[in-house]
Amino acid sequence: MLTVPKIMTERTVLTLLQHYEYQVLTDYYQNNRSHLSPWEPEKKQGYFDESQVRARLQASNDLFVAGGAVNFVARGNIDRDGEISADLNGQVLGVCNFTNIIQGPFQACYLGYSIDKTIQGQGVMREILLAGLGYVFSEFNLNRVMANYIPDNERSGRLLASLGFEKEGLAKSYLKIDGRWQDHILTSKLNTELT
């Protein structure tokens, strides 16, 4: 039986949100809409409606139970050392999504992530990703995690490189982001502990 993970990092707690916690996720995306829009697909009308957010959270948890995805949120945890502002305690500071988990001979997934605009550049996203990667590599016995980024997103490229992701190529017109088809640099990190 799978249990909902609760992973403590220095400044955050990684866990899965339940459908009744929809408001903290809605707040995160609405507060960071302009910050994230250059890097994410456009949101359809009604995306932030309570019923739609609840449905996405429920679907996310169903995928977790089925072993198909782990959609972490990182919530502020000032109980550890007080470095995160008290008004962010318990709030969503970032997301770390491991999706399309495939077992068998492939044993891989995709990684997507974002961080709150008020704490970018402080190493919090790296902290979150280290914890999330450790979890999916050990709990799902994955061989590979793939992460792709827009070439102009140099900050994301540096972060992935610092975590050991290696460039594998360039996909032309890979995803429709911010209203237009954009190229993406393909990267992956291999599980060096897998035998």
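Scanning for something among the charged types (D, E, K, R) and closer than 24 Å to Lys176 by Cα, does the range 142-154 turn up at least one residue? Quick ask: steps written out before the conclusion?
Taking the range 142-154 as the starting set, the residues that turn out to be among the charged types (D, E, K, R) are 144, 152, 154.
Retained after the next criterion (residues that are closer than 24 Å to Lys176 by Cα): 152, 154.
Yes, the conditions are met somewhere in the range 142-154.
Just to be sure I understand, how many residues within the range 148-175 are touching a strand residue (DSSP E or B) at 6+ places or on another chain (Cβ under 8 Å), modelled with pLDDT of 95 or more and not small (Gly, Ala, Ser)?
13
So which residues in the range 162-195 are in contact (Cβ under 8 Å) with a residue 24 or more places away in the chain and of a type in the set (A, V, I, L, M, F, W, C)?
Leu163, Phe165, Leu175, Ile177, Ile185, Leu186, Leu190, Leu194
Within the range 19-31, can you find the residues that are out of contact with any helix residue (DSSP H, G or I) (no Cβ under 8 Å at 6 or more places or on another chain) and either aliphatic (A, V, I, L, M) or within 21 Å of Ala147 (Cα to Cα) (or both)?
Of everything in the range 19-31, just one residue is out of contact with any helix residue (DSSP H, G or I) (no Cβ under 8 Å at 6 or more places or on another chain) and either aliphatic (A, V, I, L, M) or within 21 Å of Ala147 (Cα to Cα) (or both), namely Val24.
Filter the range 100-142 down to residues that are out of contact with any Cys (no Cβ under 7 Å at 6 or more places or on another chain), among the hydroxyl-bearing types (Ser, Thr, Tyr) and closer than 22 Å to His184 by Cα and give me whichever is surrounded by the most Cβ atoms within 10 Å (Cβ to Cβ).
Applying the filter and picking the extreme gives Ser114.
If I ask for residues that are part of a loop (DSSP other than H, G, I, E, B) and at pLDDT 95 or above, which ones from the range 68-102 would you list? Quick ask: steps written out before the conclusion?
The initial filter retains those residues of the range 68-102 that are part of a loop (DSSP other than H, G, I, E, B), namely 68-69, 77-85, 90-91.
Across the range 68-102, the qualifying residues are Gly68, Ala69.
Take the range 143-161 and flag every residue that is of a type in the set (A, V, I, L, M) and either surrounded by 15 or more Cβ atoms within 10 Å (Cβ to Cβ) or in contact (Cβ under 8 Å) with a residue 60 or more places away in the chain (or both). Give the derivation first.
First pass over the range 143-161, keeping only residues of a type in the set (A, V, I, L, M): 145-147, 150, 159-161.
Within the range 143-161, Val145, Met146, Ala147, Ile150, Leu159, Leu160 meet the criteria.
Quick one: in the range 1-19, of everything that is surrounded by 13 or more Cβ atoms within 10 Å (Cβ to Cβ) and hydroxyl-bearing (Ser, Thr, Tyr), which residue is farthest from Ile177 (Cα to Cα)?
So, considering only residues that are surrounded by 13 or more Cβ atoms within 10 Å (Cβ to Cβ) and hydroxyl-bearing (Ser, Thr, Tyr), the one farthest from Ile177 (Cα to Cα) is Thr9.
Report the residue count in the range 148-166 for those that are within 16 Å of the chain's Cα centre (by Cα) and within 14 Å of Arg126 (Cα to Cα).
Of the residues in that region, 7 qualify.
Would you pick out the residues in the range 55-67 that are within 18 Å of the chain's Cα centre (by Cα) and assigned to a helix (DSSP H, G or I)?
Our first condition is that a residue be within 18 Å of the chain's Cα centre (by Cα); within the range 55-67, this holds for 56-65, 67.
Of everything in the range 55-67, those that are within 18 Å of the chain's Cα centre (by Cα) and assigned to a helix (DSSP H, G or I) turn out to be Arg56, Leu57, Gln58, Ala59, Ser60, Asn61, Asp62, Leu63, Phe64, Val65.
Could you check the range 20-38 and list, in sequence order, the residues that are buried (at least 17 other Cβ atoms within 10 Å of the Cβ) and not in a loop (DSSP other than H, G, I, E, B)? Even if it seems obvious, please write down each step before you answer.
Step one: of the range 20-38, the residues buried (at least 17 other Cβ atoms within 10 Å of the Cβ) are 21-22, 25-26, 28-29, 32, 36.
Glu21, Tyr22, Leu25, Thr26, Tyr28, Tyr29, Leu36, listed by residue number.
I'm told Lys44 meets every condition in (1) under 18 Å from the mean Cα position of the chain (by Cα); (2) at pLDDT below 90; (3) closer than 23 Å to Tyr149 by Cα; (4) not hydrophobic (A, V, I, L, M, F, W, C) except one. Can you identify the failing condition by its number?
(1)
The values are calculated or read from the model by the stated rules, or taken from the named source; none is laboratory data. As the structure is a prediction and not an experimental result, all values here were calculated from the model. Glycine also receives a Cβ, built like all others from the backbone with ideal geometry; neighbour counts cover every protein chain displayed.
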